[in-house]
1. Quick one: which residues, 5 or more positions from residue B:391 or on another chain, have an amide H under 5 Å from its amide H? H modelled 1.01 Å from N in the peptide plane, none for Pro or chain starts.
2. Can you tell me, using C-alpha contacts under 8 Å and at least 6 residues apart, the relative contact order of chain B as a whole percent?
3. Using a ≥ b ≥ c from the Cα gyration tensor of the protein assembly as shown (square roots of the eigenvalues), is it rounded, prolate or oblate, where a/c under 1.5 gives rounded and otherwise the larger of a/b and b/c decides, a/b for prolate?
4. Can you give the relative contact order of the stretch B:147-198 as a percent, counting alpha carbon pairs under 8 Å and 6+ residues apart?
5. Summarise the partner chain shielding of B:271-279 as one whole number: the mean count of Cβ atoms from other chains within 10 Å of each residue's Cβ.
6. Check each of the GluC sites (Glu not before Pro) in the stretch B:229-319 and keep only those in coil by DSSP with at most 16 other C-beta atoms within 10 angstrom; list them in order.
7. In degrees, nearest 10, range 0 to 90: what is the angle between the Cα axis of helix B:223-235 and the longest Cα principal axis of chain B?
8. Rank by packing, highest mean first: peptides B:38-51, B:394-407, with packing defined as the count of other Cβ atoms within 10 Å averaged across residues.
Amino acid sequence: MARKPSLQFATTSQENSQENSQEDSHQNLRRVAGSERLPLPNARVIGPADPEQPIRLTVYVRSRPAHTHVPSLKEIGHSPYEWMHSHNAPTH
Amino acid sequence: MSAFEADAKDINAVKKFATANKLKVIEASEVKRSVLIEGKIGDAARAFGVDLQIWEHPGGRYRGRVGPVHTPDSLRGIVEAVFGFDNRVMGRPYFRRSRHRFVSRAAQPLNYLPTEIADFYSFPDADGSGQTIAIFVFNGALGDSGQTAVGGYSQKLLKSYFKDTLHITPPRLTDVVVHGPGNKPGDGSQDTDVTSEVLLDICMAGAVAPKARFMMYFTEFTEQGWVDALTSAVTATQNRPSIISISYGNPEDGPTGQILWTQQAIMKVNEALQRAALAGINVCVAAGDQGSTEEVTDHRQHVDYPASSPWVLACGGTRVVAANGVINRETVWNDGPSSATGGGVSSLFALPTYQTSANVPVSVNPGHRIGRGVPDVSGIADPDTGVLVMGPDGTVGGIGGTSATAPMWAGLIARLNQLLGTPLGFLNPILYKNLASGVLRDVSEGDNGAYRAGAGWDACTGLGSPNGTRILAALKGLVK
């Protein structure tokens, strides 16, 4: 990892997706922000990964364009339990 | 919560990209906001602009990449994270075996059954009926070393423990395999075997809430394993948990190269935890077992992730001396740097609103940052005053670690949910606002290395260990 993460608590999914790709010189591709990796300490390469081996990847995409509001902890102020009772909301 | 969901167009764009690059779409979900794809390493590496190598280091061998993952212009702004290329081992279990071989209850009176722990912490009378607790289990391949971490549970051993030792009905367990081999119990003879951890979690939470339904989320020790398992649990539509117990973690930061979490993984895990909190799911996480350093070798203090996420109930550890159902002394668990409760001040997360009146100190590290204080609560963890649970070899023995504390709190919250008739949901705001004084058992003696315990919140035991009856009374008082 090239940079120490500078994540702050109030980050929401919408904020995360505001700038999630940056230009890169890698064959017209753009790097996915925050995906940088460094080798583990004292690690050495012993060869390329076998290109014929299977691999499974999970690709996560941005949330819907932000017309839906995600409340922060500051906004909710209290737990859903407290909220449910203060608003007489149905329970399950 | 739809605000967290994906637009179908974005999901389709990723599917189209995958297919164009000879990668097969296994699962696509707008709710999870993810597309699971499969193919050959060569095709996948080319598609995402990644050079994959096999690396060897003192801890083993792994398939790794250096630098970022890439996407084409057509996916600009759409893809937030890609996991699965790098399979270095992420996460370690937080259980500790007693230094003394367990002989008998008479010879070692400072080992307690979970039911006795529930008694001396005054848990209110309930059995967890109607509640669903998810327990996370990590096992499977360890990097590219050819080594595998076995781990799981044996119904036969659990039946023996619950029926013959505790004299109660064993809990109902349902497996959810997200990644890896699923339930593969070992005999405890291998260093990498996590069966002791799994049994500890089930025995602890299952004894406290035996009528709860337990969803066992199996996944692998990778970033992909962490993110996918959490996302699956918090978006589950069937058997959705109201409580999640996680007895694993990794230091949240460290010197360059030693940081195991990528920024994208920290963000996606934290987002899943935020989703959990807002959906009324309480996530109990072990705060770590290596004191205030978490054994990071940079002469600084570190807290663990995901315990340091502001969206979880971080669980620290204590040492308990009790007799005849009464606690005579409770102190910070600290048997040395390799066997002490985690806790401190986060270097990643700001001080959350709910902790603003908790007197969280500044970090002792240079810069003295103000940040999220860890843990929130605590409970029995010292292996020398350990919990008597079933071991992989079929014998009942003492074990400890903050791995015992997280499932204990999970079981207690199941009882509280049952008695209140509604899920408590994310506990922290109400914990700090309404239960901070005179409700929990304040543990004010001891230290975990750099931080000392004291009156009120501290970075060793949080607000303290539980007094279940007082917690229930305080919560009932809030809704009168």
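Read the figures in this text as sums done on the coordinates, not as results from a lab. Because the structure is a prediction, the values reported are computed rather than measured. Using ideal geometry, Cβ is built from the backbone for each residue, glycine included, and neighbour counts are taken over all protein chains shown.
1. Amide H neighbours of residue B:391: B:396, B:397.
2. Relative contact order, chain B: 17 percent.
3. Values: a/c = 1.60, a/b = 1.41, b/c = 1.13.
Taking the square roots of the gyration eigenvalues as a ≥ b ≥ c, the protein assembly as shown is prolate.
4. After rounding, I find 52 percent.
5. 3
6. In loop regions of the stretch B:229-319 (DSSP not H, G, I, E or B), the sparsely surrounded GluC sites (Glu not before Pro) are B:295.
7. Between helix and principal axis, roughly 70 degrees.
8. Numbers: B:38-51: 19.3, B:394-407: 26.2.
Ranked by mean Cβ neighbours within 10 Å, highest first: B:394-407, B:38-51.
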